[in-house]
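Here is the structure we will look at, set down as structure tokens.
The values are calculated or read from the model by the stated rules, or taken from the named source; none is laboratory data. Remember, it's a predicted structure, so these values are computed and weren't measured experimentally. In this analysis, Cβ positions are derived from the backbone assuming ideal geometry, glycine residues included, and neighbour counts consider all displayed protein chains.
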Amino acid sequence: MIGNDIIDLEVAASQHTWKRKGFLDKLYTPQEQEIILKSDSPALFVWALWAMKEASYKAHQRKFNLPRRFNPKDYCSKLDDIRDNYILGTVNIGECLYYTEVHRSIYKLHCIASQERSINIVEYHTSSIDSIKSHLITKISEEQNIKPELLNIQKNENFIPYASHNGKPVCSKFSISHHGKYSAYILALTNC
Amino acid sequence: MTDKEILQKLKKIVTPYVQNEEGLNDFDETTDFLNDLKINSANLVDVILDVEDEYKIEIDNDSMNGMLTAGDARKIIQRKLRNE
């Protein structure tokens, strides 16, 4: 299963004071707090780790069709490789492990989490929330050979989005994320 | 403190983080922070910290995990105020 999370770094910086008392304690494990506080750019790692946890949460919730929970400290992230334009790591939740890839620019972070180390996906970014669903529907329609006008994106009882064709679920794995000026989706190019 | 008073205060606390203003019009027990108000998940922690400051209570992890609607928050606040 896959999940993604996008962060508009400008919005994140304007809305949050991660130095606020209790902020790190409520969201991050002691090991994660150490990574953040020992780094040269704590704000970057506050958001990179958050994106890793959030993307993994989405993948995990989808895998087991779980009810929503706000339990960020149960998702334990580790960093493996930190480069100028990406950060590779893993996130553990219970017995499950997710591989994460954070792509970074000065404006935004986008994290992809997956159970497999390497996955074949389509990734699409836009600054228009309205166009993202129609773009995703077009892609799914190409993949599944279904007319786009017969496809819909809906949410199930656990608020997990899925594609449907004439009211019946279509087997496709995807994840959508919005934040500030940015939206992104990922779509797995594999059979379910 | 009555349920209504707590809900009124909660509405005030969440307002700065709301991305869907319409969701505030019929703010009640069933209002969902993420789905109805479109509060970003990273902002939920700000709501929780603001609630802690407002009521001088500490919201433990287990309680935080289930704080998804205004009704959930109201019950947690009352439980903490009773020191349970």
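Among the helices (runs of 4 or more DSSP H) confined to the stretch A:1-111, the ones with at least 2 residues that are among the small types (Gly, Ala, Ser) and surrounded by fewer than 20 Cβ atoms within 10 Å (Cβ to Cβ) are located at A:9-15.
Given the options A:Ser177, A:Ser105, A:Ser114, name the one that is within 14 Å of another protein chain (Cβ to nearest Cβ), within 30 Å of A:Gln15 (Cβ to Cβ) and modelled with pLDDT of 90 or more. Show your work before the answer.
On the way: A:Ser105 fails: within 14 Å of another protein chain (Cβ to nearest Cβ); A:Ser114 fails: within 14 Å of another protein chain (Cβ to nearest Cβ).
None of the others qualify; the one that does is A:Ser177.
Here the stretch A:14-40 is the region considered, the condition is being of a type in the set (Val, Ile, Thr) and more than 12 Å from chain B (Cβ to nearest Cβ), and the residue that is nearest to B:Tyr17 (Cα to Cα) is A:Ile36.
Can you name every residue in the stretch A:7-49 that is of a type outside the set (D, E, K, R) and touching a Leu at 6+ places or on another chain (Cβ under 7 Å)? Give the steps one after another, and end with the answer.
At the first step, the residues of the stretch A:7-49 found to be of a type outside the set (D, E, K, R) are A:7, A:9, A:11-18, A:22-24, A:27-31, A:33, A:35-37, A:39, A:41-49.
A:Ile7, A:Leu9, A:Trp18, A:Gly22, A:Phe23, A:Tyr28, A:Gln33, A:Ile35, A:Ile36, A:Trp47, A:Ala48, listed by residue number.
Residues that are in a helix (DSSP H, G or I), buried (at least 17 other Cβ atoms within 10 Å of the Cβ) and among the hydroxyl-bearing types (Ser, Thr, Tyr) occur in the stretch B:6-21; there is at least one. Residue count for the stretch A:146-179, restricted to those that are surrounded by 13 or more Cβ atoms within 10 Å (Cβ to Cβ) and either closer than 22 Å to A:Arg68 by Cβ or within 13 Å of the chain's Cα centre (by Cα) (or both): 16. Report, by residue number, each residue of the stretch A:82-123 that is in contact with a His (Cβ under 6 Å, 6 or more places away or on another chain) and either touching a residue at least 40 places away in the same chain (Cβ under 8 Å) or among the hydroxyl-bearing types (Ser, Thr, Tyr) (or both). Passing the criteria: A:Tyr86, A:His110. Inside the stretch B:55-84, can you point out the residues that are under 11 Å from the mean Cα position of the chain (by Cα) and part of a helix (DSSP H, G or I)? Selection gives B:Met64, B:Ala70, B:Gly71, B:Asp72, B:Ala73, B:Arg74, B:Lys75, B:Ile76, B:Ile77.
If I ask for residues that are of a type in the set (Asp, Glu) and in contact with a helix residue (DSSP H, G or I) (Cβ under 6 Å, 6 or more places away or on another chain), which ones from the stretch A:23-41 would you list?
Quick first cut of the stretch A:23-41, residues of a type in the set (Asp, Glu) only: A:25, A:32, A:34, A:40.
Hit for the stretch A:23-41 is A:Glu32, nothing else.
For residues that are in contact with a helix residue (DSSP H, G or I) (Cβ under 8 Å, 6 or more places away or on another chain), of a type in the set (D, E, K, R) and without any contact (Cβ under 8 Å) to a residue 24 or more places away in the chain, scanning just the stretch B:33-55, find the one that is nearest to the other protein chains (Cβ to nearest Cβ). That would be B:Lys38.
Out of the strands (runs of 3 or more DSSP E) lying entirely within the stretch A:126-192, which hold 1 or more residues that are among the small types (Gly, Ala, Ser)?
Values: elements: A:151-155, A:161-165, A:174-179, A:182-188.
Correct list: A:161-165, A:174-179, A:182-188.
Of all residues assigned to the stretch A:139-154, none qualifies as being touching a Leu at 6+ places or on another chain (Cβ under 9 Å) and at positive phi.
It is to be established whether one or more residues within the stretch B:75-82 are within 14 Å of chain A (Cβ to nearest Cβ) and either surrounded by fewer than 17 Cβ atoms within 10 Å (Cβ to Cβ) or at positive phi (or both). Explain how you work it out, then say what you get.
Keep residues of the stretch B:75-82 that are within 14 Å of chain A (Cβ to nearest Cβ), which gives B:76.
Pick out the ones that are also either surrounded by fewer than 17 Cβ atoms within 10 Å (Cβ to Cβ) or at positive phi (or both) and you get none.
There is no residue in the stretch B:75-82 that is within 14 Å of chain A (Cβ to nearest Cβ) and either surrounded by fewer than 17 Cβ atoms within 10 Å (Cβ to Cβ) or at positive phi (or both).
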